[in-house]
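The values are calculated or read from the model by the stated rules, or taken from the named source; none is laboratory data. A quick note: this is a predicted structure, and the numbers were derived from the prediction, not measured. Every residue, glycine among them, receives a Cβ derived from its backbone with ideal geometry; neighbour counts consider all protein chains shown.
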Amino acid sequence: MNKKTIYQFLIFVLFVFTINVQNIQARNSNSGKNKVYTYQDSLKDATIAQLKADSVWITQNYFKKEFRIPMRDGKKLFTAVYIPKDTSIKYPILMSRTPYTCRPYGENNFPKRLGPSRILMHDKYIFVYQDVRGRYMSEGYYENMTPHIDNKTSKNDIDEASDTYDTIDWLIKELAKYTNGNVGMYGISYPGFYTTASALCRHPALKASSPQAPMSDVWFDDFHHQGAYVLTSTGFNYVFGYPKDSLTQTDWFAKYNPNIPADGYNYYLNLGVTSNVDKIYDNKNVLWQDFKNHPNYDEYWQKHRILNHTDSVKHAVMTVGGWFDAEDLYGSFQTYYNFEQKSPDAYNICVFGPWRHGGWARNLGKLTLGNIYFGDSISDYYLEHIEKVFFEHFLKNDGKGKLPLPEASVFVTGSNQWRTFDKWPPKESETVKLYLLESGKIGINTKPSKDGYTSYISDPAKPVPSYENISAGMTAEYMTDDQRFATRRPDVLTFKTGILTEDITLVGPSIMKLICSTTGTDADWFVKIIDEYPQDFKNFFHNPSYIQMGGYMQMVRSEVFRSRWRESFANPKPMKPGNPTEVNVPLQDIMHCFKKGHRIVIQIQSTAFPMIEINPQTYIENLYKNTKPSDYIIATQKIYHAKEKTSYLEILRYTGK
């Protein structure tokens, strides 16, 4: 299929979307008591039709080979290879290594989609999928976030980098008559971790890697947030907690699925203390046992941190992330930053857009997340003008000439536009401090005029919901949820600027510098940066009737920090009751334009349930073991705003045009 045909097909898909949107009202008017047909439903219908067409196209244009590739220690890894039928030219290899299965198995069975995008699928590459060591049809022992070995001295020193090196070496020889000898790696989420780890193999044929929403250190992200256990991950960690005992094409772990009920808030509240997760998982769940045995950031966690090894990489790396990724936001930013700092010879760039976890790979047409509409063809822009260009330049064009991509391609939320920068965060920025003042006000670079504090009572038995939705786990939309529900809680502090008289764009990482105290001996501080819309703001086209965007309080960024780790993640210490203490809460990067007429809002609370486990507010050495209900106490929390030592958010303000 040539480029003109692809373009025509995309126009057809967008046309289908448009027709579906126009038909929504008509379909709903005839729906009677049936479910309301939404814009999301129309997208789903169009996607199903597209996948059916793609699956036919794949069988017409690719053939498949399956291999069991030997590693240096003798173990064999199952690998599926899809090769274009037109063998008149040689193709680069695009490989994804995954713990999530290479299905469908069998050389006569084909998937509905190949590669990181359908654009690249139609551009034709040799697509390679591999079950990583110990998963599904691959031999060996599986270890979560396999520790990297820098100095390998024997054939038994194996890790994801060595497995990748051996795989590439074997493929280049076996597929010599099909490939041009250039290899690229890509992967989203856990496969994103394998992409980062694979980049460390430093095979000369590996020319381009794209870790996308990569897991990088699950003590800071995914299963934890800066050490605080993500309770809603409990319903998913069975997938990684149970080793298999033989080669299999089926999900051997499925029998351990805890099947968390739809109302996760009620379920986990009734479950009680964190250590009661033992009632869900037995001692055969390796992942849960690791969490229990390593509550602090000890040697175990540090050796599993792939970011410690991102040095001396010389090929091209493009990290991709979503501003509203509820799972691996930390990994996206830290992967980019670590390659930037430790591998100066690498061509290192980043892309951040208004996506949920992995949303860039599957959205077409109008991009919405929850109640927020960001614009049209945003993912298409990335897929066509960034990802396609990146892989084509390094894999098809041998990296010759100048790559027309900037250091950072960033979608500015709020103003909803793509911007490019030759440095991230942008050099056209200055530090701004948002001071917490009395009466719930925020002073932009204006300190409090007198000493004071604001307090609230935190009751572990009545935790603040992390989102309004009734859900078994963490919702993908909660990152843009309306926070008015939290504003109405007495155990949530809300601070606001005045109505903005000009646009203010905040950018980069931030840190909430709290001067705080608790009547307990430990406390969580959950901080949110919020964009409050004007009262007369009109609804977006896709908002249901019960949503009112006037006064909407859109969460832009949030993070939790546990007081015990304020001085060291490895060596916790209790708080002194009633003693004002400095606790710094790091938050991940943003680039958000708070428009004229809006307000900047900061919220602070001590629970965000059931996403984050409840802190007992009594210092306990290990919350995973033998925690008692009596350990959980009501505590009074104070946030201080004083003339000298005061609480404020430190962040960058973009000063460019």
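Worth a mention:
- Note on the range 391-427: among residues that are part of a helix (DSSP H, G or I) and of a type outside the set (A, V, I, L, M), the one that is nearest to TYR373 (Cα to Cα) is PHE391.
- Condition check for PRO147: surrounded by fewer than 19 Cβ atoms within 10 Å (Cβ to Cβ) and assigned to a loop (DSSP other than H, G, I, E, B): yes
- Residue in the range 179-194 that is of a type in the set (S, T, N, Q), at negative phi and in a loop (DSSP other than H, G, I, E, B) present: no
- Screening TRP170 with (1) out of contact with any Phe, Trp or Tyr (no Cβ under 6 Å at 6 or more places or on another chain); (2) surrounded by 23 or more Cβ atoms within 10 Å (Cβ to Cβ) gives one miss only, at (2).
For (1) charged (D, E, K, R); (2) under 29 Å from GLY498 (Cα atoms); (3) not in a loop (DSSP other than H, G, I, E, B), each residue gets a yes or a no:
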residue: ILE529; (1), (2), (3): no, yes, yes
residue: PRO534; (1), (2), (3): no, yes, no
residue: GLN548; (1), (2), (3): no, yes, no
residue: SER558; (1), (2), (3): no, yes, yes
residue: ALA570; (1), (2), (3): no, no, no
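- GLY508 vs. criteria farther than 30 Å from TYR267 by Cα, touching a Leu at 6+ places or on another chain (Cβ under 7 Å) and touching a residue at least 40 places away in the same chain (Cβ under 8 Å): yes
- Of all residues in the range 60-89 being touching a Leu at 6+ places or on another chain (Cβ under 9 Å) and surrounded by fewer than 19 Cβ atoms within 10 Å (Cβ to Cβ), the one that is farthest from ILE126 (Cα to Cα): PRO70
- PHE223 being touching a Ser or Thr at 6+ places or on another chain (Cβ under 8 Å), within 17 Å of ARG135 (Cα to Cα) and buried (at least 18 other Cβ atoms within 10 Å of the Cβ): no
- Restricting ASP376, ASP380 to residues that are more than 28 Å from ILE89 (Cβ to Cβ) and acidic (Asp, Glu) narrows the list to ASP376.
- Summed over the range 344-395, residues that are of a type in the set (D, E, K, R), buried (at least 19 other Cβ atoms within 10 Å of the Cβ) and over 30 Å from SER545 (Cβ atoms) total 1.
- Contact map, the range 66-77: residues that are under 12 Å from THR164 (Cα atoms) paired with residues that are hydroxyl-bearing (Ser, Thr, Tyr), Cβ distance under 6 Å, separation 6+ or inter-chain. Pairs shown: ILE69/THR79; ILE69/THR167; LEU77/SER138.
- Residues in the range 90-117 that are surrounded by fewer than 16 Cβ atoms within 10 Å (Cβ to Cβ), more than 22 Å from GLY134 (Cα to Cα) and free of Cβ contacts under 8 Å to residues at least 60 places away in the same chain: ASN108, ASN109.
- Of all residues in the range 227-281, those satisfying the criterion of being in contact with a helix residue (DSSP H, G or I) (Cβ under 9 Å, 6 or more places away or on another chain), hydrophobic (A, V, I, L, M, F, W, C) and free of Cβ contacts under 8 Å to residues at least 40 places away in the same chain are VAL239, PHE253, ALA254, LEU271.
Conditions (1) farther than 20 Å from SER332 by Cβ; (2) in the same structural domain as ILE511 (by TED's automatic domain parsing); (3) buried (at least 17 other Cβ atoms within 10 Å of the Cβ); (4) not aromatic (Phe, Trp, Tyr), marked per residue:
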residue	(1), (2), (3), (4)
ASP398	yes, no, no, yes
LYS402	yes, no, no, yes
PRO406	no, no, yes, yes
PHE411	no, no, yes, no
GLY414	no, no, yes, yes
GLN417	yes, no, no, yes
LEU434	yes, yes, yes, yes
LEU437	yes, yes, yes, yes
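- Residue count, the range 294-321 (criterion: buried (at least 19 other Cβ atoms within 10 Å of the Cβ) and polar (S, T, N, Q)): 2
Residues checked against (1) farther than 23 Å from MET611 by Cα; (2) modelled with pLDDT of 95 or more; (3) in contact with a His (Cβ under 7 Å, 6 or more places away or on another chain); (4) surrounded by 15 or more Cβ atoms within 10 Å (Cβ to Cβ):
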{"position": "TYR238", "(1), (2), (3), (4)": "no, yes, no, yes"}
{"position": "GLY241", "(1), (2), (3), (4)": "no, yes, no, yes"}
{"position": "THR248", "(1), (2), (3), (4)": "yes, yes, no, no"}
{"position": "ASP278", "(1), (2), (3), (4)": "no, no, no, yes"}
{"position": "ASP282", "(1), (2), (3), (4)": "no, no, no, no"}
{"position": "GLN289", "(1), (2), (3), (4)": "no, yes, no, yes"}
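- Qualifying strands (runs of 3 or more DSSP E) (wholly inside the range 298-390; at least 2 residues being over 18 Å from GLY192 (Cα atoms) and not assigned by TED's automatic domain parsing to the domain that holds MET549): 366-369, 372-376
- Candidate set from the range 242-265 (those that are part of a helix (DSSP H, G or I) and of a type outside the set (Phe, Trp, Tyr)); member that is nearest to the chain's Cα centre (by Cα): GLY264
- Residue within the range 494-504 that is modelled with pLDDT of 95 or more and in contact with a Cys (Cβ under 8 Å, 6 or more places away or on another chain) present: yes
- Any hit, the range 545-568, residues being assigned by TED's automatic domain parsing to the domain that holds MET512, more than 25 Å from the chain's Cα centre (by Cα) and buried (at least 21 other Cβ atoms within 10 Å of the Cβ): yes
- Note on the range 476-520: among residues that are β-branched (Val, Ile, Thr) and in contact with a helix residue (DSSP H, G or I) (Cβ under 9 Å, 6 or more places away or on another chain), the one that is farthest from GLY370 (Cα to Cα) is THR518.
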